[in-house]
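See below for the structure under consideration.
The values are calculated or read from the model by the stated rules, or taken from the named source; none is laboratory data. On a predicted model such as this, the values are computed, not experimentally measured, just so you know. Here the Cβ positions follow ideal geometry from the backbone for every residue, glycine too, while neighbour counts run over all protein chains shown. With ligands, DNA and RNA removed, areas are computed over all heavy atoms of the protein, side chains included. Shrake-Rupley method; radii C 1.70, N 1.55, O 1.52, S 1.80 Å.
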Amino acid sequence: MEFLRGVGPQRAELLNKELNIFTYGDLLQHYPFRFDDRTRFYTISELDESLPAAQVRGRLRDWYTEGEGSKKRVVATFTDGTGSMSLVWFQGLTWLEKTLRREGEYVVYGKPQPFNGRYSIVHPELDNIHPDHELETGMVPVYNLTEKLRKRHLDSKAIGKIMRTLLEGAWPHLRETLPDELIQKYRLIGKREALWNIHLPQSPAWLRQAERRLKFEELFYNQLRLISNKLLQKEEYPGQVFANTQLLKHFYEHLLPFPLTGAQKRVLKEIRTDFVSGKQMNRLLQGDVGSGKTIVAFIAMLMAIDNGAQACLMAPTEILADQHYNGLKPFADAMGLNISILTGSTTTKRRKTLHPELQEGKTHIIVGTHALLEDAVQFKNLGLCIIDEQHRFGVAQRAKMWAKNPVIPPHILVMTATPIPRTLAMTLYGNLDISVIDELPAGRKPIKTVHKYDKHRSEIFGFMRQEIEKGRQVYVVYPLIEESEKLDYKDLMDGFESIQRAFPRPKYEIGILHGKMLPYEKDDEMQRFLRHETQILVATTVIEVGVNVPNASVMVIESAERFGLSQLHQLRGRVGRGSEQSYCVLMTGYKLSSDTKTRIETMVRTNNGFEIADVDLQLRGPGDLTGTQQSGLMDLMIADLAKDGPILTAARESAQKILDEDPHFVLPQNAPIRNHIDALGKKENNWSRIS
Ligand code: ADP
Ligand code: MG
């Protein structure tokens, strides 16, 4: 390819350093983040605050310098026969003073804002109307740039010009990267047209088509990679075969406490299929709070134990580990199986017996926290590792569990109650198989959620009294975040005291639970609540995950505006676990931002975790939802997981179908894929470096 006009060695170096652009390919993928619409002109009389930006043609009447220091600015009066407006600059004053021409004709572009009775544009783009000056027209691309680049005159206009030259030069070399079949099926435009129109759109309609095409391509290759990694992993790692089902049958026939829901049965079938496949299972089990994941976990454990293997269940907190242990112990006992628990507070003395019991295979099930990851914890034959509430564990920790069986890696089941929108799950966990429990046990009454302002507190206290009268229990939750920890503790304690005053002893007993308490103190409080010795539990979000007290039917969330949507949903999930009608009360102040209103309204409107997760994704964007551990997968240049769900679904289905039919892309129709993957592999050779 020819040397790129407009990019000398110095600019090339700047592009490398500032934007990580090394090749022509990188440059072509530096898509504009928006476009200025220069297709029409406005008169000054037509200007309106609601316009994001407007282009006006007129005459610069006069200008002067005002103000001192950082407030120093150039203010110009601009007219067009329909009115006049101001143009204001705070930067580049010396240059402006030199170049601005009184009575000169210009085209200005920027956001009009009313100021002192007329419109003004701050830092407008300014174009001379001059016979040999090219005016911006049409849809003008705006690129993400740095200050340094702008200083060296690599502004959006300059980049746009470079793109034009590059696209013209590269045109004959640009190859189609998608099979014709997909292009036809989804009516996509070709690669060349897409690249051209993403930078230099012929019209808004072409721009939309270009975006759709490039998003599809990006997500298609993203899914192709994830799915083929998963296939490779499957080929590579064998799994123990769990074919015996005696224990399972015994449990079903004699001990199962309730009929399983259809969704629970389906998920168990999926797990069983993995268990007899001879390959390692890596499965994510998504199920809304209260959907009954624990029993599914236990039944999966039975299948492992029935075949001479051991199972472990790892939870993110001691409270949860205890609860799982206490919940599973009666079942294990009834089945004649040995179950143990290992957490940070397990004594050295107990560990001395526990470690060998595990190693000799006497212990069938071990429940615990991160303590299970310690090197001292060794198994005779770990066959199944279940990780509850996955988002608190990193990939590295999962790998540690793999290593606990040096002969053959254990099957892995990751359970999460944080519903992840399908679109996101497909991308983030594309390399895990996904099971979903999308059905609540029969007879559950949907939780009623209401929004109340702080001044309604006495009404809420009255309601709490009523419920307690009926024998129910109540949670009152306060926010606690590190940045405002002191104040938050004060709020919590103040709230606790006012509740104590409103619910005096001996009629009422109130517990308190927060992160500053010692583990055994927390456990004590939790146990008192569980045994119904306290009617009200005042707490911070330590109760957020997984805690199960079916008799608790009211959840009051104080300062609800300070919680994220998924957190509110998790908290609400602590009630509605029994057969009684449950309630969630969201308390807030009067002043709420529009995002907060959306969060509260969503909570009031629906109990569906997946719907809530979708709204959360819209509000926060995907980065926030997933935390840092998966960030490597999020390097999408153009697709937006919050908005492009339908494109992602299509891309994933296409990728899956092609991998099923032609895993190595040898069929002639899949040549574009093979070529593109090859090209990506040796990017350096294929794309000349920018120099
Ligand atoms: P989660 O999915 O949030 O972990 P759990 O496993 O704690 O939910 O189950 C919530 C409650 O529902 C528990 O009390 C459990 O015993 C009960 N449960 C689970 N499955 C069923 C079912 N099929 N029918 C009735 N109750 C069930
Ligand atoms: Mg649970």
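Values as computed for the structure displayed
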| read-out | value |
| --- | --- |
| Highest to lowest packing among 66-74, 239-247, scored as the average C-beta count within 10 Å | 239-247, 66-74 |
| From phi via Karplus (6.51, -1.76, 1.60), per-residue ³J(HN,Hα) for segment 59-65 in Hz, x at Gly/Pro | 10, 8, 6, 7, 8, 8, 9 |
| Rg [Å, one decimal], Dmax [Å, integer] - segment 45-136, C-alpha atoms | 12.8, 38 |
| Among L342, L28, T416 the positive-end extreme of the charge dipole of the chain (Cβ point charges) | L342 |
| Loop-resident sites, segment 400-498, for trypsin sites (Lys or Arg not before Pro), counting at most 14 other Cβ within 10 Å (DSSP) | K470 |
| Proximal lysines to K507, defined as alpha-carbon separation beneath 16 angstrom and excluding residues fewer than eight positions away on the same chain | K470 |
| Prolate/oblate/rounded call for the chain, Cα gyration tensor, a/c under 1.5 rounded | oblate |
| Only Lys, Arg (+1) and Asp, Glu (-1) charged, at Cβ; segment 448-606 dipole about Cα centre in debye | 540 debye |
| Unit charges at the beta carbon, dipole of segment 45-136: most positive-side option, A76, H123, T65 | T65 |
| Largest-first ordering by accessible area, 1.4 Å probe, given options T534, T348, T65 | T348, T65, T534 |
| Listed pairs K111/K215; K111/K486; K269/K448; K215/K265; K452/K490; K486/K643 exceeding 31 Å between Cα atoms | K111/K486; K269/K448; K215/K265; K486/K643 |
| Cβ-Cβ FRET estimate between E97 and I481, R0 fixed at 60 Å, reported to 0.05 | 0.75 |
| Computed magnitude of the charge dipole of segment 1-140 (debye, nearest 20; Cβ of K, R +1, Cβ of D, E -1) | 320 debye |
| Sequence of S498, S291 when ordered by accessible area, the most exposed leading, probe 1.4 angstrom | S498, S291 |
| Cα coordinate range in segment 448-606, projected on the principal axes (Å, largest first) | 42, 35, 29 |
| Using alpha-carbon coordinates, inclination of helix 318-335 to the longest axis of the chain, degrees | 40 degrees |
| In degrees, nearest ten, helix 671-681 long axis to first principal axis of the chain (Cα) | 90 degrees |
| Positive-end residue of Y221, L260, L248, charge dipole of segment 155-293 with Cβ unit charges | L260 |
| Rounded percent of accessible protein surface that carbon and sulfur make up, the chain, 1.4 Å probe | 51 percent |
| Mean-position separation - Cα centroids, segment 479-499 and segment 511-561, in angstrom | 15 Å |
| Between helix 156-170 and the chain: long-axis angle, C-alpha atoms, 0 to 90°, nearest 10 | 90 degrees |
| Whichever lysines have a C-alpha closer than 24 Å to that of K349, once near sequence neighbours (fewer than 8 apart) are set aside | K329, K362, K380, K404, K522 |
| Note, ³J(HN,Hα) from phi for segment 299-311, Karplus 6.51, -1.76, 1.60, rounded to Hz, x at Gly and Pro | 5, 4, 4, 4, 4, 5, 5, 4, 10, x, 9, 10, 10 |
| Dipole magnitude (debye, nearest 20) for the chain, charges at Cβ of Lys, Arg, Asp, Glu | 360 debye |
| Accessible area per residue, Å², the chain with all protein chains present, probe 1.4 Å | 48 Å² |
| Rounded Å value of the spacing that divides the Cα centres of segment 360-429 and segment 284-326 | 11 Å |
| Spatially proximal lysines relative to K17 (Cα-Cα < 16 Å; intrachain offsets below 8 disregarded) | K148, K151 |
| Mean projection area, nm², convex hull over Cα of segment 233-308 | 5.3 nm² |
